[in-house]
Amino acid sequence: MRTPIIAGNWKMHKTIEEAIDELKKLQPLVKDTTNEVVIYPSFFAVKPCIDTIQGSNISVGVQNMHFEEEGAYTGEVSPKMVGEITRHVLIGHSERRQYYNETDETVNNKMKAAIAHGLCPTLCIGETLEQREAEKTLEIIRTQLGSGLDGFDADKMKDVVIAYEPIWAIGTGKTATKETAQEVHANIRMLLKELFGEETAEKTRILYGGSVKPANIVELMSMDDIDGGLIGGASLKADVFSDIVNFNL
Ligand code: PGA
């Protein structure tokens, strides 16, 4: 049985004050869920958010990190620094790949660094519209997953979460149909089985991301290989996000 994860990626939204306010609204609304709930605020808001959620069932993580432990990398945050305050980290979000030149190699370095520092990384993968139209989706997924997890074994996979986020569905209002998403998720699980064996493949949570909202969470979660959601826009308001967290199959 895989416990669903409903994660909110707040991207570059919300000041510290706004983030705390939203979390205070969210806490009572999701207090009864058995799903894991993780919020990824901007760096400045992370520590205040962690202080705010003490004693609640919400976790807080970071949206990115560098792979080096320390050094002359202006503007960056290291895995050691992340590990001082949280275990949750998003790695290789498509916006990082698209706007900040993250490659499969840097993503792999970050994944390795996350595990070396005892963190729980969520590896984000997904194809562009062009790639989907050229019927390259499964090939892209195989490459991104294989290189992102290069050097990993079953033991290192224990704390890893995968997020499949088709780029054409992020922030566009276009969600993959449940069948389209399931096809890719099943394929990811098959690749995990090839790489790490059946047990790891069955245990690994694979989240779907891309215009998830209260209106489509139930149909997505009804699919066998969809184990949760990574939610951007619809995570910004506590009442909307809590409707996703509290979905009923
Ligand atoms: P969206 O973003 O829900 O706004 O499409 C998802 C994501 O980028 O993680």
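The values are calculated or read from the model by the stated rules, or taken from the named source; none is laboratory data. Not measured: the values here are computed from a predicted model. Counting neighbours? That spans all protein chains shown, and the Cβs are built from the backbone with ideal geometry, glycine included. All accessible areas refer to the heavy atoms of the entire protein, side chains included, with ligands and DNA or RNA removed. Shrake-Rupley method; radii C 1.70, N 1.55, O 1.52, S 1.80 Å.
Things to note:
- Residues that are over 17 Å from the mean Cα position of the chain (by Cα), open to solvent by 30 Å² or more (accessible area, probe 1.4 Å) and touching a residue at least 12 places away in the same chain (Cβ under 8 Å), drawn from region 203-216: P214
- Picking from residues in region 167-180 that are within 21 Å of A201 (Cβ to Cβ) and open to solvent by 40 Å² or more (accessible area, probe 1.4 Å), the one that is nearest to the ligand (Cβ to nearest atom) is K178.
- Conditions (1) free of Cβ contacts under 8 Å to residues at least 60 places away in the same chain; (2) over 22 Å from T204 (Cα atoms): number failed by Q144: (2)
- Scope region 196-249; condition away from the ligand (no atom under 15 Å from the Cβ) and closer than 21 Å to D21 by Cα; matching residues: A238, D239, S242, N246
- Residues satisfying the stated conditions in region 29-40, i.e. in a helix (DSSP H, G or I) and surrounded by fewer than 19 Cβ atoms within 10 Å (Cβ to Cβ): L29
- Subset of region 151-166 (residues that are open to solvent by less than 50 Å² (accessible area, probe 1.4 Å) and within 26 Å of G8 (Cβ to Cβ)): M157, V160, V161, I162, A163, Y164, E165, P166
- Being under 23 Å from T128 (Cβ atoms) and hydroxyl-bearing (S, T, Y) is a property that does not hold for S222.
- Flag for L192 being out of contact with any Ser or Thr (no Cβ under 7 Å at 6 or more places or on another chain), away from the ligand (no atom under 16 Å from the Cβ) and either aliphatic (A, V, I, L, M) or under 30 Å from V82 (Cα atoms) (or both): no
- Within region 180-192, residues that are among the charged types (D, E, K, R) sit with their Cβ atoms under 7 Å from residues that are open to solvent by 10 Å² or more (accessible area, probe 1.4 Å), at 6+ positions apart or across chains, in these pairs: R189/D225.
- Residue in region 7-28 that is modelled with pLDDT of 95 or more, closer than 24 Å to R205 by Cα and part of a helix (DSSP H, G or I) present: yes
- Listed by first and then second residue, the pairs linking a residue in region 85-103 that is free of Cβ contacts under 8 Å to residues at least 40 places away in the same chain and open to solvent by less than 70 Å² (accessible area, probe 1.4 Å) to a residue that is away from the ligand (no atom under 12 Å from the Cβ) and assigned to a loop (DSSP other than H, G, I, E, B), with Cβ atoms under 9 Å apart and 6 or more places separating them unless they lie on different chains, are V89/N64; V89/M65; V89/L119; R96/N64; R96/E102; R97/T103; E102/N64.
- Screening region 85-110 for residues that are of a type in the set (A, V, I, L, M) and more than 13 Å from the chain's Cα centre (by Cα) and picking the one that is nearest to H66 (Cα to Cα) gives V107.
- Residue count, region 1-28 (criterion: more than 18 Å from the chain's Cα centre (by Cα) and open to solvent by less than 70 Å² (accessible area, probe 1.4 Å)): 7
- Scan region 41-66 for residues that are open to solvent by less than 60 Å² (accessible area, probe 1.4 Å), of a type in the set (G, A, S) and more than 13 Å from I85 (Cα to Cα) and the total you get is 2.
- In region 147-169, the qualifying residues are those that are aromatic (F, W, Y) and not in a helix (DSSP H, G or I), and the one that is nearest to A134 (Cα to Cα) is Y164.
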